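Chemist: Provided herewith is a single structure, encoded as structure tokens, for subsequent inquiry.
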Amino acid sequence: MDRTMERAANFLPRVDERGDTNEVSRRVVTLTAPASAAAEQYRTLYYRLDRLRARRPLKVVAVTSALPGEGKTLTAVNLALTAARAAPDRRILLVDADLRRGQVGRTLGIRGTPGLAELLSGECEVKDVVRRFQATRLAVVPAGRAPEEPAQVLASARMKQMLQAVREGFDEVYVDAPPALPFADATILGHQVDGVVMVIRAHVTPLKVVHQAVEQLGGVPLVGCVLNGAEQALTSDDGTYGQG
Ligand SMILES: Nc1ncnc2c1ncn2[C@@H]1O[C@H](COP(=O)(O)OP(=O)(O)OP(=O)(O)O)[C@@H](O)[C@H]1O
Ligand SMILES: [Mg+2]
């Protein structure tokens with residue numbers, strides 16, 4: 001392990017300065033509507049994973065889906081924020097490993113670069129890419145600038161070193177992964193984590209495609225799935241229950 005990576009184990013994340021940042025997406029309900037039914041669902045998911053953690057090692061959890069746009073980023077962000085709220089004494093990290101279309105930075109209103117891509121290319125050190133999110137305990141590594149060959153970057157020795165370093169430096173790590181289809185990225189990543197959560201966009205993704213994705217992921221440690229958008233008929237736009 002090189003010295004850059006070693007430092008991850010005892011870093012102090014800097015507070016992200018505002019300026020070229022946007023607002024937190026309204027759909028990060030864990031922050032914007034913590035009392036909503038939607039936020040409660042993320043808490044349920046978090047505690048389910050927590051119960052699993054008692055039975056098996058589950059420090060690094062990746063969130064994927066069959067196709068783009070099913071809700072991976074929103075799930076990973078809300079899950080990590082739920083963890084940071086639920087367990088203030090634990091060190092929680094959110095990593096955006098969707099190197100093709102990383103959205104964690106935009107979703108949280110923090111700068112998206114430099115990030116994981118720059119760390120893995122050797123342009124940056126850990127201290128440059130790990131940011132503390134607002135006043136929370138959550139540390140965040142955004143995706144950075146899309147590299148030319150994301151799958152190769154995710155399969156690199158530096159990625160393995162990075163994951164090893166964050167395993168030492170954090171208690172829980174949530175990884176926003178790319179979709180399982182059509183690229184190899186999610187499969188490569190899935191084999192390096194302890195658990196994979198599969199997000200399925202309700203009423204949109206055909207079951208056949210979900211099966212294809214699971215086949216493509218071949219042997220990654222799937223620990224659960226999330227049916228995203230399933231209760232839209234019951235909930236209003238702000239994620240609270242409607243009258244009807
Ligand atoms: N439960 C939901 N209710 C309403 N909108 C949602 C929900 N989940 C996701 N969305 C919206 O759907 C879009 C895609 O969500 P998100 O970015 O989380 O998906 P993704 O799987 O990460 O996509 P990509 O593959 O592009 O990274 C976003 O505009 C997001 O705000
Ligand atoms: Mg995404």
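Each reported figure results from applying straightforward, stated rules to the coordinates on display, with no laboratory input. Owing to the predicted nature of the structure, the values given are computational and were not obtained by experimental measurement. Every residue, glycine as well, gets a Cβ built from its backbone with ideal geometry; the counts of neighbours run over all protein chains shown.
Chemist: Counting only residues 5 or more places away or on other chains, whose amide H sits under 5 Å from the amide H of residue 222 once H atoms are built in the peptide plane?
Modeler: 196
Chemist: If you restrict to DSSP beta bridges whose two residues both lie in the chain, what percentage is antiparallel, to the nearest 5?
Modeler: Numbers: 3 of 29 bridges.
So the antiparallel bridges in the chain amount to around 10 percent.
Chemist: Starting from the Cα-Cα distance between residue 121 and residue 51, subtract it from 0.36 nm times their residue separation and give me the gain in nm to one decimal. Walk me through the numbers before you get to the answer.
Modeler: Details: separation 70, 0.36 × 70 = 25.20 nm, distance 3.63 nm.
Net length gain for the segment: 21.6 nm.
Chemist: Quick one: length gained pulling residue 87 to residue 184 fully straight, 0.36 nm per residue minus the C-alpha distance? Before the final figure, lay out each step's value.
Modeler: Details: separation 97, 0.36 × 97 = 34.92 nm, distance 3.34 nm.
Additional length available on full extension: 31.6 nm.
Chemist: Shifting gears a bit: Note down the relative contact order for segment 3-228 as a percent, whole number, built from C-alpha pairs under 8 angstrom at least six residues apart.
Modeler: Values: 460 pairs, mean separation 65.8, N = 226.
Averaging sequence separation for qualifying contacts and normalising by length gives 29 percent for segment 3-228.
Chemist: Once phi is turned into ³J(HN,Hα) by the Karplus curve 6.51 cos²θ - 1.76 cosθ + 1.60 with θ = phi - 60°, what whole-Hz value does each residue of segment 146-163 show in order, with x for glycine and proline?
Modeler: Values, residue by residue: 4, x, 6, 10, x, 4, 5, 5, 5, 8, 6, 5, 5, 5, 4, 5, 4, 5 Hz.
Chemist: With unit charges on the beta carbons (Lys and Arg positive, Asp and Glu negative) and the dipole taken about the Cα centre of segment 3-228, which residue among 99, 225, 192 sits farthest to the positive side?
Modeler: 225
Chemist: OK, next. According to the Cα gyration tensor, what semi-axes, each the square root of 5 times an eigenvalue, does the equivalent ellipsoid of the chain have, listed from largest to smallest in whole Å? Show your work: numbers first, answer last.
Modeler: Working: eigenvalues 137, 92, 58 Å².
Result for the chain: semi-axes of 26, 21, 17 Å.
Chemist: How about residue 208: which lysines have a C-alpha closer than 20 Å to its C-alpha, ignoring those fewer than 8 places off in the same chain?
Modeler: The qualifying lysines are 72.
Chemist: Given labels modelled 7 Å from the Cα in the Cβ direction, how far is it in nm from residue 203 to residue 134?
Modeler: 2.9 nm
Chemist: Okay, moving on. In square nanometres, what is the average projected area of the Cα convex hull of segment 37-157?
Modeler: Values: hull surface 33.4 nm².
Average of the hull's projected areas for segment 37-157 equals 8.4 nm².
Chemist: Relative to a virtual label point 7 Å from the Cα of residue 191 in the Cα→beta-carbon direction, which members of segment 140-155 show backbone nitrogen distances below 17 Å?
Modeler: Residues 150-155 fall inside that zone.
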